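The values are calculated or read from the model by the stated rules, or taken from the named source; none is laboratory data. Not measured: the values here are computed from a predicted model. FYI the Cβ positions are ideal-geometry reconstructions off the backbone, even for glycines, and counts take in every protein chain you see. Protein only, heavy atoms only, side chains kept; ligands, DNA and RNA dropped before computing areas. Shrake-Rupley method; radii C 1.70, N 1.55, O 1.52, S 1.80 Å.
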Amino acid sequence: MPIEEKLESAKKQMEQDFKIALIKKNMTQAELADLLNLSRSQVNKAIKGGTNKSDVEVRKKIYKFLGME
């Protein structure tokens, strides 16, 4: 499998993991964004696998908040 396909697969798996964690907490992305004092677009971009530094930092906050560490 080419590296691009592996990366895309990993991003999709990460997104699924976040969505499952949100469902378990009975929470929406909008609610998560409000609780973390972030914009909805920041949360969405991080969950979808954004790669810039701010996306990674937001993802770390989400991991911690949802107990995914």
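Rounded to the nearest 500, the helix-only mean residue ellipticity at 222 nm of the chain stands at -23500 deg cm²/dmol, with each DSSP H run of n ≥ 4 adding -39,500 (n - 2.57).
Within region 4-69, the trypsin sites (Lys or Arg not before Pro) that combine a DSSP coil assignment with at most 14 other C-beta atoms in a 10 angstrom radius are 25, 48. Neighbours of residue 35 by Cβ distance under 14 Å: Lys/Arg scored +1, Asp/Glu scored -1, total +2. Stretching the chain fully between residue 39 and residue 9 yields a gain of 8.2 nm (0.36 nm per residue, less the alpha carbon separation).
Within the accessible surface of the chain, defined with a 1.4 Å probe on protein heavy atoms only, the carbon and sulfur portion equals 53 percent. Could you pull out every one of the aspartates and glutamates with an alpha carbon less than 19 Å from that of residue 60, ignoring same-chain neighbours closer than 8 positions? Answer for residue 60, where 19 Å is the Cα cut-off: 15, 17, 31, 34, 69, listed by chain and number. Express in nm, to one decimal, how much length is gained between residue 17 and residue 65 on full extension, taking 0.36 nm for each residue of separation and deducting their alpha carbon distance. So the extension gain works out to 15.9 nm.
Quick one: angle between helix 3-24 and the longest Cα principal axis of the chain, in degrees between 0 and 90, rounded to 10, please. Roughly 20 degrees, rounded to the nearest 10. Against the chain, whose longest principal axis is taken from its Cα atoms, helix 53-66 shows a tilt of about 60°. Here semi-axes √(5λ) of the Cα gyration tensor in Å was calculated from the structure, and among (1) 36, 14, 12; (2) 21, 14, 10; (3) 16, 13, 12 it sits at label (2).
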